[in-house]
Amino acid sequence: MAPRSFWRGYLKLSLVTCPVTMAPATSESGKVRFHTLNARTGNRVVSRYVDAVTARPVPDEDQARGYPRGEDEFVLLEDDELDSIALESTRTIDIEMFVPADSIGWIWYDTPHYLAPADRIGEEAFSVIREAMADTGMVGIARLVLYRRERAVMLEPRGRGIVVWTLRYGDELRDPRDYFDGIAPEKPAAAAMALMKQLIREHTRDWDPGMATDPVQERLLEIIAAKKKRQKRPARARAAAEPPDNVVNIMDALKRSLAAERKK
């Protein structure tokens, strides 16, 4: 049985339209989550908005949104002003243009969603759009209202379906030149490059999702299971030794690394 979708609408390209469903491609439901409790009573603690000066609770009807314009000064926005700029919650993914798949850097990718046809009737139109993008190496660009904001999205063919990536806003990305321009432009020595490439080959493996497991999550579950059984807390794994602050001779370090790999 297919997982339940959280969005239903239409995929449209010119005069071609088909009903589709969309669901988040990632989930955090399996993460260990905690509630804040009163350690003395064991009761849950609830959060409330309080006035920063009077320390008194603020009722919902008295809460307003303000944009800071100075120290302790704000421009208040009324609900009707915010509603006037609210976007219509469109239910159509209207592909506006196509761009080469490799022209959008990964840093623009935000949140992935799985897009699938909603019924058998729409499968043909959906498949034609998907396969045409795959054969031409293109991805579609559209705009969509998600999570209460209008977002640019990228449609990427993936297997039998399509992955819809929300794209980051331009003002969210920092200029890499602020961080990388100070790095010396000189190229490494050819001998060091040859050894480093050999070391990379020694470490090359096929990708496995198990490489991205969360060890902290696993240890938390062990601690919780032990507490449920009222057992002694399991011993924490020893931390790996810290690497040295610097390497005096990169060639010697590379040679020793390769020698260690061959022994393994």
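The values are calculated or read from the model by the stated rules, or taken from the named source; none is laboratory data. These figures come from a predicted structure and were not determined experimentally. Quick reminder, even Gly has a Cβ in these numbers, built from the backbone with ideal geometry, and neighbours come from all protein chains shown. Each accessible area value is taken on the protein alone, full model and side chains, heavy atoms only, with ligands, DNA and RNA left out. Shrake-Rupley method; radii C 1.70, N 1.55, O 1.52, S 1.80 Å.
Given the criteria assigned to a helix (DSSP H, G or I), closer than 27 Å to residue 33 by Cβ and of a type in the set (A, V, I, L, M, F, W, C), does residue 224 qualify?
Details: assigned to a helix (DSSP H, G or I): yes; closer than 27 Å to residue 33 by Cβ: yes; of a type in the set (A, V, I, L, M, F, W, C): yes.
Considered against the rule, which asks whether it is assigned to a helix (DSSP H, G or I), closer than 27 Å to residue 33 by Cβ and of a type in the set (A, V, I, L, M, F, W, C), residue 224 comes out as yes.
Any idea which of 167, 115 is touching a Leu at 6+ places or on another chain (Cβ under 9 Å) and at negative phi? Working first, answer last.
On the way: 167 fails: touching a Leu at 6+ places or on another chain (Cβ under 9 Å).
Selected residue: 115, the only one of 167, 115 that is touching a Leu at 6+ places or on another chain (Cβ under 9 Å) and at negative phi.
Restricting attention to region 15-30, which residues are open to solvent by less than 80 Å² (accessible area, probe 1.4 Å) and either of a type in the set (Gly, Ala, Ser) or free of Cβ contacts under 8 Å to residues at least 12 places away in the same chain (or both)?
Answer for region 15-30, where residues must be open to solvent by less than 80 Å² (accessible area, probe 1.4 Å) and either of a type in the set (Gly, Ala, Ser) or free of Cβ contacts under 8 Å to residues at least 12 places away in the same chain (or both): 23, 25, 30.
Have a look at 48, 44, 33, 65 and point out the one that is of a type in the set (Lys, Arg) and surrounded by 10 or more Cβ atoms within 10 Å (Cβ to Cβ). Quick ask: steps written out before the conclusion?
Values: 48 fails: surrounded by 10 or more Cβ atoms within 10 Å (Cβ to Cβ); 44 fails: surrounded by 10 or more Cβ atoms within 10 Å (Cβ to Cβ); 33 fails: surrounded by 10 or more Cβ atoms within 10 Å (Cβ to Cβ).
Going through 48, 44, 33, 65 in turn, the sole match is 65.
Is it the case that region 192-200 has a residue that's open to solvent by 50 Å² or more (accessible area, probe 1.4 Å), among the small types (Gly, Ala, Ser) and either in contact (Cβ under 8 Å) with a residue 60 or more places away in the chain or part of a loop (DSSP other than H, G, I, E, B) (or both)?
no
Regarding region 7-19, can at least one residue be identified that is among the β-branched types (Val, Ile, Thr) and assigned to a loop (DSSP other than H, G, I, E, B)?
In the first step, residues of region 7-19 are kept if they are among the β-branched types (Val, Ile, Thr); the result is 16-17.
In the following step, the residues that additionally are assigned to a loop (DSSP other than H, G, I, E, B) were identified as none.
Within region 7-19, none of the residues are among the β-branched types (Val, Ile, Thr) and assigned to a loop (DSSP other than H, G, I, E, B).
Could you look through region 201-225, keep only residues that are β-branched (Val, Ile, Thr) and open to solvent by less than 70 Å² (accessible area, probe 1.4 Å), and pick out the one that is nearest to residue 256 (Cα to Cα)?
Only one residue fits best here, namely 223.
If a residue has to be open to solvent by 80 Å² or more (accessible area, probe 1.4 Å) and more than 24 Å from residue 21 (Cβ to Cβ) to count, how many in region 139-181 make the cut? It would help to see each step written out before you state the result.
We begin by selecting, within region 139-181, every residue open to solvent by 80 Å² or more (accessible area, probe 1.4 Å); these are 143, 147-149, 158, 160, 168, 171-172, 174, 177-181.
After this cut, where a residue has to be more than 24 Å from residue 21 (Cβ to Cβ) as well, the list is 168, 171-172, 174, 177-181.
Result for region 139-181: 9.
Among the residues in region 168-188, are any in contact with an Asp or Glu (Cβ under 7 Å, 6 or more places away or on another chain) and in contact (Cβ under 8 Å) with a residue 60 or more places away in the chain?
Yes, region 168-188 has at least one match.
What is the one condition in (1) open to solvent by less than 90 Å² (accessible area, probe 1.4 Å); (2) without any contact (Cβ under 8 Å) to a residue 24 or more places away in the chain; (3) of a type in the set (A, V, I, L, M, F, W, C) that residue 115 does not satisfy?
That leaves (2) as the condition not met.
Each row is one residue, and each column tells you yes or no for (1) part of a loop (DSSP other than H, G, I, E, B); (2) at pLDDT below 90.
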position	(1), (2)
54	yes, no
80	no, yes
112	no, no
115	no, no
